[in-house]
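First up is the structure itself, then whatever we jot down about it.
None of the figures in this text is laboratory data; all of them are computed from the coordinates on show. Since the structure is predicted, the reported quantities are computational estimates derived from the model, not experimental observations. Note that each Cβ is placed from the backbone with ideal geometry, even for glycine, and that neighbours are counted across all protein chains shown.
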Amino acid sequence: MTSRTGMTARRLPTRPRTDARGFTLIELSLVLALIAVFAGLAWPSLRNLRKNYVMETAAQDLTDCMTFARASAVAERSWYKLVFKQNPAVYTLYKMDVQDGSASPPTPAPGRWGLGKAVAPDVELDAPADPIFFYPNGTATAATVVLKGQDVPPVSIQLSGTLGDATIAR
């Protein structure tokens with residue numbers, strides 16, 4: 001650029017721009033420290049959430065088995081028997097062919113419950129020693145099954161004898 005006097009003006013060296021975008025190392029460290037603190041506070045709650053989920057899933061699966069047994073007994077006009085075993089905790093559903101007052105040997109029920117369903121390893125099964133029977137008229141043997149876990153409230157499954165309905169209670 002030329003001035004009125006005829007001399008050319010020199011440009012002064014420019015300073016680095018201060019409006020550059022990004023985060024400083026201190027800001028990033030502060031955010032990471034806050035995330036670590038919040039994760040540490042949330043960890044115990046997340047562990048209990050998993051334990052509650054395992055317990056609820058086990059209770060729902062056993063209730064589904066009981067509902068399946070009742071519906072199958074009514075639809076097929078046959079008896080079903082739910083047997084519990086301890087160590088390890090397993091329950092198995094059997095179909096019984098009852099004719100003329102004599103029962104033939106039970107056969108495993110179709111589906112996943114006839115193969116024997118294991119309860120989660122961290123869930124204890126407190127079930128009746130006698131089998132639970134489901135009858136063709138929709139009734140069942142009245143029973144209560146309790147699932148217990150560590151640091152989790154127990155879950156009770158109550159099977160109504162007259163209605164054959166299974167309900168979960170905390």
Between the stretch 122-170 and the stretch 30-93, how far is it from one alpha carbon centroid to the other, in angstrom? 14 Å
Exposure proxy order (Cβ contacts within 10 Å, fewest to most) of Thr24, Thr141, Thr92: Thr24, Thr141, Thr92
Going fewest to most other Cβ atoms within 10 Å around each Cβ, Arg11, Arg77, Arg70 line up as Arg11, Arg77, Arg70
Below 22 Å, Cα to Cα, which lysines can Lys85 reach? Residues fewer than 8 away in the same chain don't count. Lys95, Lys117, Lys148
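Among Leu159, Leu41, which comes first, second and so on when ranked by fewest other beta-carbon atoms within 10 Å?
Leu41, Leu159
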Option label - mean projected area of the Cα convex hull in nm² computed here, alternatives (i) 10.9; (ii) 9.5; (iii) 20.2: (iii)
Asserting the computed 222 nm helical MRE of the chain (DSSP H runs at least 4 long, -39500 (n - 2.57) per run, divided by residue count, to nearest 500) equals -11500 deg cm²/dmol
